[in-house]
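Remarks on the structure that follows.
The values are calculated or read from the model by the stated rules, or taken from the named source; none is laboratory data. If you're wondering where the values come from, they're calculated on a predicted model, not measured in any experiment. Note: ideal-geometry Cβ built from the backbone for every residue, glycine included; neighbour counts use all protein chains shown. These accessible areas exclude ligands, DNA and RNA; they are computed on the full protein's heavy atoms, side chains included. Shrake-Rupley method; radii C 1.70, N 1.55, O 1.52, S 1.80 Å.
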Amino acid sequence: MSIRAQTLARILLAGAFALAVVPAAAQTRPGPAQTVTARSHMVVAANPLAVRAGDEILRAGGSAVDAAVAVQMVLGLTEPQSSGIGGGAFMLHFTAGEGALVAYDGRETAPAAATPDLFLKPDGTPLTFYDAVIGGRSVGTPGTVRLMAEAHRVHGRLPWARLFEPAIRLAREGFAVSPRLAALIAADQPRLSQHPSTRAYFFTPDGLPLPAGTMLRNPDYAATLAAIAERGADAFYIGEIAADIVRAVREHASNPGRLSVEDLAGYRVAVREPVCGSYRGHEVCGMGPPSSGGLTVLQILGMVEHFNMGGLDPGAADAAHLLAEAGRLAFADRAVYMADQDAVPVPVRGLIDTSYLTLRAQQIDLDRAIERPRPGNPPWRDARLWGADNSLEFPSTSHVSIVDRDGNIVSMTTTIEDAFGARMMVRGFLLNNELTDFAFAPMDNGRPVANAVAPGKRPRSSMAPTIVFDREGEPTIVIGSPGGARIIGYVAKALVGLIDWRLDPGAVVSQPHVLTLGRTVELEEGTPAAALEAPLRARGHTVQVRELNSGLGVIVRRDGRLHGAADPRREGIVLGD
Ligand code: DON
């Protein structure tokens with residue numbers, strides 16, 4: 001069936017379904033989340049203490065970036081499993097007045113001494129995921145502190161040291177361990193208790209995981225932050241803190257890594273152009289390579305744009321099928337083409353070219369899942385160079401959305417990769433395991449893999465901090481999520497929810513999830529989406545019903561006001577004025 005014929009069929013079908021099906025957003029569990037409305041400023045993040053720090057800074061006259069620095073420093077304390085100064089981040093920044101949008105890339109880099117066999121066993125086969133993660137081997141040069149400093153240098157309003165006050169105060173005086181942190185410590189006990197530093201911090205003297213509500217102090221973190229507050233990012237990258245990071249990585253007893261003090265001293269933030277594409281008259285802008293997030297979200301949207309999504313019931317199998325098929329095709333391209341563009345050529349423009357995406361969308365049949373989605377041939381000279389990459393990504397990470405009173409915007413996704421990263425703590429913060437976002441095998445069927453390890457290279461990410469502009473060029477949506485490669489599906493469906501289904505932010509973050517990482521279609525357990533299993537199987541999909549733990553943070557500007565919501569699946573809140 002042609003796309004046009006399919007669209008007509010959909011309009012007719014949608015009419016029939018609309019009478020029979022209650023909109024999915026109304027039935028969602030957990031939640032639904034509330035939408036918070038404000039006039040002037042707003043901050044959404046995954047931890048209440050971090051949101052309060054951001055709000056404190058905005059009320060003190062700080063900019064969106066000032067607030068982001070304060071939020072990040074508290075997140076590293078109160079949500080240490082997800083992000084922190086031992087990790088990396090991507091920040092999209094919109095400057096009101098100038099209308100300028102820029103992407104700051106604070107992604108970790110591979111050490112100069114890294115080689116393509118970093119994650120291979122002596123027999124040439126890949127290490128198992130956790131054999132690679134735990135210890136020094138997976139630790140990349142952290143980028144978050146330089147990113148904060150660089151963004152503050154350009155967009156900051158309050159003095160740098162002021163931004164550290166909330167986190168230093170909490171680290172000295174103590175904060176209550178949240179239920180989610182307590183549950184994750186308990187779940188990770190076998191791994192987290194291996195390293196003396198994490199054992200001492202996250203467990204009682206008797207070796208029990210800290211229960212929720214425990215008042216936890218972190219004087220080491222307070223001292224690290226005080227040094228960075230006083231002397232700037234160099235306090236982290238040059239000198240004693242850097243030397244301690246390197247020592248911990250290189251001297252790990254069973255799994256040492258190759259990070260050096262030169263890697264830290266030489267770390268640079270990349271300032272990049274965001275990748276942008278249109279969706280139903282809106283301009284959707286996201287993070288380009290080394291993240292696959294922006295491109296893959298844009299590919300999904302560029303394909304479903306050929307269907308009348310607005311005429312479909314958000315909870316019906318048709319909408320799920322279309323999002324799944326677009327996702328499967330987009331992930332086939334992602335596996336082959338997307339990696340660090342500073343290290344390998346990436347066909348950025350070709351992958352989101354509208355004629356190319358029209359051809360890709362024509363493969364979608366409403367009645368039948370594509371048997372085996374294959375990568376396409378985007379308009380690009382070197383298009384058949386790469387083999388497929390199957391790097392894994394696991395839970396942690398955090399998203400922060402902020403609008404300040406002048407209309408400046410931050411959309412930042414920040415991570416130490418897996419929950420608790422490499423499970424090593426240095427001076428009060430956890431070290432990332434971001435290097436496991438590289439493909440473990442550098443070759444695939446005789447072809448080099450674009451996302452293979454190389455010295456100084458940034459591992460491919462899925463993080464998708466996004467800002468959407470309306471037809472007049474005004475920013476209207478700020479969004480992002482954690483979730484590893486699932487981030488892409490969470491963000492793409494949320495944008496369809498906001499733009500096509502005109503859901504408010506609370507409803508959109510509460511939608512039951514339907515997504516794919518390329519093959520299987522995943523449906524969120526315990527929600528109405530689980531009921532789509534049979535109809536999707538009938539169309540030929542392989543389906544899995546499972547927990548889908550997003551952490552969407554959304555701000556929408558509508559009718560001159562800010563409307564925000566935090567994902568009910570995590571602990572986030574929204575504050576505004
Ligand atoms: O950069 C990435 O895409 C991953 N390292 C992010 C990890 C993540 O989101 C884990 N999820 N909950």
* Asked: When Lys and Arg each count +1 and Asp and Glu each count -1, what net charge do the other residues less than 15 Å away from Pro80, Cβ to Cβ, add up to?
  -> +1
* Asked: Considering only Ala242, Phe440, Gly315, whose Cα is most displaced toward the positive end of the charge dipole of the chain, charges sitting on Cβ of Lys, Arg (+1) and Asp, Glu (-1)?
  -> Gly315
* Structure fact -> Of the accessible area of region 158-231, computed with a 1.4 Å probe and all protein chains kept, carbon and sulfur make up a percent value of 58
* Per residue accessible area of region 536-577, 1.4 Å probe, in Å² -> 40
* Between Val102 and Asp342, what length in nm is gained on full extension when 0.36 nm per residue of separation is reduced by their alpha carbon distance? -> 84.7 nm
* To do: Treat every Asp and Glu Cβ in the chain as -1 and every Lys and Arg Cβ as +1, leave all other atoms uncharged, and give the resulting dipole magnitude about the Cα centre to the nearest 20 debye.
  => 340
* Percent RCO, i.e. relative contact order, over the chain, from Cα pairs under 8 Å lying at least 6 residues apart -> 26
* To do: Rounded to the nearest 10 degrees, what's the angle between the helix 293-304 long axis and the longest principal axis of the chain, both from Cα atoms, 0 to 90?
  => 10
* To do: For an R0 of 30 angstrom, estimate the FRET efficiency from the Cβ-Cβ distance between Ala253 and Met443 and round to the nearest 0.05.
  => 0.45
* How many Å² of accessible area per residue for region 113-188, probe 1.4 Å? -> 39
* Asked: Once the Cα atoms of helix 64-78 and of the chain are each reduced to a long axis, what angle between those two axes, in degrees from 0 to 90 to the nearest 10, is obtained?
  -> 70
* Asked: Between Thr520 and Val261, what length in nm is gained on full extension when 0.36 nm per residue of separation is reduced by their alpha carbon distance?
  -> 89.0 nm
* Would you mind getting the accessible area per residue of region 220-288, heavy atoms of the protein chains only, 1.4 Å probe, in Å²? => 43
* Hey, any idea what % of region 482-542's accessible area is carbon plus sulfur with a 1.4 Å probe? -> 48
* Asked: Scanning the chain for GluC sites (Glu not before Pro) in DSSP loops with at most 12 other Cβ atoms within 10 Å, what's the longest stretch left with none?
  -> 99-250
* Asked: Which cross-chain or sequence-distant (5 or more) residues have an amide H under 5 Å from the amide H of Arg558, H modelled 1.01 Å from N in plane?
  -> His563
* Taking Cα atoms, how many degrees apart are the long axis of helix 48-59 and the longest axis of the chain, rounded to 10 and kept between 0 and 90? -> 90
* **Sulfur and carbon atoms: percent of accessible area, region 260-344 [1.4 Å]** => 47
* To do: Taking amide H positions as placed in the peptide plane 1.01 Å from N, state which residues far from Lys457 in sequence (5 or more) or on other chains have amide H under 5 Å from it.
  => Ala110
* Enclosed volume per residue, in Å³, of the convex hull spanned by Cα atoms of region 36-151 -> 147
* In units of 2.2 N^0.38 Å, what is the alpha-carbon radius of gyration of the chain? -> 0.91
* To do: Could you work out how far apart the two model spin labels at Arg368 and Glu240 are, taking each label as a point 7 Å from the Cα in the direction of the beta carbon, and quote it in nm?
  => 6.9
